[in-house]
1. Select from the range 122-135 the residues that are among the hydrophobic types (A, V, I, L, M, F, W, C), at pLDDT below 90 and outside any loop (DSSP other than H, G, I, E, B) and write down the one among them that is most open to solvent (accessible area, probe 1.4 Å).
2. When the range 39-54 is examined, which residues are found to be within 12 Å of the chain's Cα centre (by Cα) and either under 25 Å from Ser127 (Cα atoms) or open to solvent by 100 Å² or more (accessible area, probe 1.4 Å) (or both)?
3. Output the number of residues of the range 112-121 satisfying the condition of being farther than 27 Å from Gln59 by Cβ and either open to solvent by less than 20 Å² (accessible area, probe 1.4 Å) or not charged (D, E, K, R) (or both).
4. Mind checking which residues of the range 96-115 are out of contact with any Leu (no Cβ under 8 Å at 6 or more places or on another chain) and of a type outside the set (Lys, Arg)?
5. For Val15, indicate whether it is in a helix (DSSP H, G or I), more than 30 Å from Leu130 (Cβ to Cβ), modelled with pLDDT under 75 and among the β-branched types (Val, Ile, Thr).
Amino acid sequence: MPRQPGPPAGSAERVRSESSSAGAAQTGTEVLALPQAPDPDYYTARELDRYPRALAPFQVKRAAGDGAGEVRLEILIDERGIVQEMIFAGPAAPARVEEALRAALAATRFLPAQKDGRAVRSRIVLSISLSQNKR
């Protein structure tokens, strides 16, 4: 009777070493740290443990006659505290006011939001009052 081909040379050692390293990981003698994949989700305020906060107040330069009122923005902030996107969600402001708000928020750095003890991306709605400056 012809002999059945066996496993290639060295394969038994490979299997043994793989099973022994798996056993070592289970016993706690060897721990492999895998890098954590970035979380692609932008979490809403309700889902966060800590909201993002501006590290410094931002100021918008406005000209007389720009109007008053309130502007609502939806802002996407990444896990490093950098504004990635902003969408005007409320009443429209004059174009130069919107440009000034975009520039001010793009330059603002935030303390990132946290969820389960780690920095995460967040989606927040910000209301900004455009009151007239009285001199």
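The values are calculated or read from the model by the stated rules, or taken from the named source; none is laboratory data. This is a predicted model, so every value here is computed, not measured. Cβ sites come from the backbone with ideal geometry, for glycine too, and all protein chains shown count toward neighbours. Surface accessibility is based on the protein's heavy atoms, side chains included, excluding ligands, DNA and RNA. Shrake-Rupley method; radii C 1.70, N 1.55, O 1.52, S 1.80 Å.
1. We begin by selecting, within the range 122-135, every residue among the hydrophobic types (A, V, I, L, M, F, W, C); these are 124-126, 128, 130.
Within this subset, residues satisfying the condition of being at pLDDT below 90 are 126, 128, 130.
Of the ones still in play, those that are also outside any loop (DSSP other than H, G, I, E, B) are 126, 128.
Working: Leu126: 46, Ile128: 23 Å².
Top of the filtered list is Leu126.
2. Looking only at the range 39-54, we keep the residues that are within 12 Å of the chain's Cα centre (by Cα), and these are 39-44, 48, 51-52.
If the condition is that a residue be within 12 Å of the chain's Cα centre (by Cα) and either under 25 Å from Ser127 (Cα atoms) or open to solvent by 100 Å² or more (accessible area, probe 1.4 Å) (or both), then Asp41, Tyr42, Tyr43, Thr44, Leu48, Tyr51, Pro52 are the ones that fit.
3. Going residue by residue through the range 112-121, those that are farther than 27 Å from Gln59 by Cβ are 115-118, 120.
Checking the rest, the ones that are also either open to solvent by less than 20 Å² (accessible area, probe 1.4 Å) or not charged (D, E, K, R) (or both) come to 117, 120.
Selection size over the range 112-121: 2.
4. Step one: filter the range 96-115 for residues out of contact with any Leu (no Cβ under 8 Å at 6 or more places or on another chain), giving 96, 98-100, 102-104, 106-107, 112.
Of everything in the range 96-115, those that are out of contact with any Leu (no Cβ under 8 Å at 6 or more places or on another chain) and of a type outside the set (Lys, Arg) turn out to be Glu98, Glu99, Ala100, Ala103, Ala104, Ala106, Ala107, Pro112.
5. Values: in a helix (DSSP H, G or I): yes; more than 30 Å from Leu130 (Cβ to Cβ): yes; modelled with pLDDT under 75: yes; among the β-branched types (Val, Ile, Thr): yes.
Taking the combined requirement at face value, the residue satisfies it.
Per-residue answers, yes or no, for (1) within 20 Å of the chain's Cα centre (by Cα); (2) surrounded by fewer than 18 Cβ atoms within 10 Å (Cβ to Cβ); (3) in contact (Cβ under 8 Å) with a residue 24 or more places away in the chain:
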{"site": "Ile75", "(1), (2), (3)": "yes, no, yes"}
{"site": "Ile87", "(1), (2), (3)": "yes, yes, no"}
{"site": "Ala92", "(1), (2), (3)": "no, yes, no"}
{"site": "Leu101", "(1), (2), (3)": "no, no, yes"}
{"site": "Phe110", "(1), (2), (3)": "yes, no, yes"}
